[in-house]
Amino acid sequence: MVGIARSLAIYWRPGWQRGLRKLYEPFVGPGDLVFDVGAHLGDRTAAFAALGARVVAVEPQPELLPWLRRLVGGRDGVTIRTEAVGRERGTARLAVSESNPTVSTLARAWRERMARENPTFRDVRWERFLDVHVTTLDALIEEHGIPRFCKIDVEGYEAEVLAGLSHAVEAVSLEFVAGGLDVAVACIERLGELGRYRYNAILGERRRFALPDWVGPSEIVTWVTAGAAGASSGDLYARRIEE
């Protein structure tokens, strides 16, 4: 409960939703379909729904689901899926951090690296492990349709999520974390296999883009591999360009 209380204080504080709606408004509009992969406590789902989108919110952590249902489950157009997303359907082992549920992850190698390479993870512990059902983005698309926007925040498992996608989604956001920036590069490479994209980034939990212009894949890879402007974490945004 301490970890959940911390997340509630951060992601449901006054004014947070207003900032999220402003951020996502260029990407999401009434009637659009959005996938929120790694929905956590649903703050992004709430923002997407407030913009009029239909939202498929995917979250595998059982302790978070009652809160997710309470906070966003009753909103029009919101569907909650109690599973993880990966490269293929099946099961996988989720490492759960009870004090920091935002960093629970399926990515074992990433988890082991973070304690060594990212100082903000120095005190993080993953106390519990549980097997969760895994679906794919393609399976979600088969059931719900192709989303206009797909937000992926799954603690080092983002490239595995994109490995289960064979459609060029119009816009995507992907978390990156210092110490695991190779995951972001793998995501950029995978998106390049699916379509033509231009990129920008947000550092930490800011609400403005870090780069003055949207750039191509080679430029964003250079920016990421140079250290992503020294950010401990952030999000890459990708917008598809018409062929």
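Somewhere in the range 225-232, is a residue buried (at least 21 other Cβ atoms within 10 Å of the Cβ) and β-branched (Val, Ile, Thr)?
no
Being among the aromatic types (Phe, Trp, Tyr) and either surrounded by 13 or more Cβ atoms within 10 Å (Cβ to Cβ) or not in a strand (DSSP E or B) (or both) is the filter here, so list the residues in the range 107-139 that pass it.
Trp110, Phe121, Trp126
Looking at the range 161-183, I want the residues that are within 27 Å of His144 (Cα to Cα) and touching a residue at least 12 places away in the same chain (Cβ under 8 Å) and have a partner that is of a type in the set (Lys, Arg) and not in a helix (DSSP H, G or I) with Cβ atoms under 6 Å, at least 6 apart or on another chain. Which pairs are those?
Filtered contacts from the range 161-183: Ala163/Arg87; Gly164/Arg87; Ala168/Arg240; Glu170/Arg148; Glu170/Arg240; Ala171/Arg239; Ser173/Lys151.
Go through the range 193-240 residue by residue and tally those that are among the aliphatic types (A, V, I, L, M) and over 24 Å from Val37 (Cα atoms).
Count: 4.
Would you mind finding the one in Arg122, Arg70, Arg111 that is within 20 Å of Gly234 (Cα to Cα), free of Cβ contacts under 8 Å to residues at least 24 places away in the same chain and out of contact with any Gly (no Cβ under 6 Å at 6 or more places or on another chain)?
Exactly one of Arg122, Arg70, Arg111 is within 20 Å of Gly234 (Cα to Cα), free of Cβ contacts under 8 Å to residues at least 24 places away in the same chain and out of contact with any Gly (no Cβ under 6 Å at 6 or more places or on another chain), namely Arg122.
Consider Glu155 carefully, then state whether it is crowded, with 21+ Cβ neighbours inside 10 Å, modelled with pLDDT under 95, among the acidic types (Asp, Glu) and closer than 22 Å to Thr45 by Cβ.
The answer is yes for Glu155.
If you check Ala39, Ala47, Ala5, which single one turns out to be out of contact with any strand residue (DSSP E or B) (no Cβ under 8 Å at 6 or more places or on another chain) and closer than 24 Å to Glu158 by Cβ?
Ala47
Just to be sure I understand the filter: pairs with C-beta atoms under 7 Å, separated by 6 or more residues or on different chains, first member in the range 8-36 and over 24 Å from Asn100 (Cβ atoms), second member part of a loop (DSSP other than H, G, I, E, B) and at pLDDT below 95. Which pairs pass?
Lys22/Arg207
When the residues of the range 8-36 are filtered to those that are in contact with a strand residue (DSSP E or B) (Cβ under 7 Å, 6 or more places away or on another chain) and outside any loop (DSSP other than H, G, I, E, B), which remaining residue is surrounded by the most Cβ atoms within 10 Å (Cβ to Cβ)?
Asp36
Restricting to the range 149-200, give me the number of residues that are among the small types (Gly, Ala, Ser), touching a helix residue (DSSP H, G or I) at 6+ places or on another chain (Cβ under 6 Å) and more than 26 Å from Arg113 (Cα to Cα).
Total meeting the criteria: 3.
Given (1) small (Gly, Ala, Ser); (2) within 30 Å of Gly179 (Cα to Cα); (3) without any contact (Cβ under 8 Å) to a residue 60 or more places away in the chain, identify the lone condition not met by Ser99.
Failing condition for Ser99: (3).
So if I check each of Val183, Val172, which one is under 26 Å from Glu25 (Cα atoms) and either of a type in the set (Val, Ile, Thr) or in contact with a Lys or Arg (Cβ under 6 Å, 6 or more places away or on another chain) (or both)?
Val172
From the set of residues in the range 209-224 that are surrounded by fewer than 16 Cβ atoms within 10 Å (Cβ to Cβ) and of a type outside the set (A, V, I, L, M, F, W, C), which is nearest to Pro147 (Cα to Cα)?
Gly216
Among the residues that make up the range 205-219, is at least one of them part of a helix (DSSP H, G or I), modelled with pLDDT of 95 or more and closer than 19 Å to Val154 by Cα?
No, every residue in the range 205-219 fails to be part of a helix (DSSP H, G or I), modelled with pLDDT of 95 or more and closer than 19 Å to Val154 by Cα.
The values are calculated or read from the model by the stated rules, or taken from the named source; none is laboratory data. Computed from a predicted structure; not experimentally measured. As a convention, Cβ positions derive from the backbone with ideal geometry for all residues, glycine included, and neighbour counts pool all protein chains shown.
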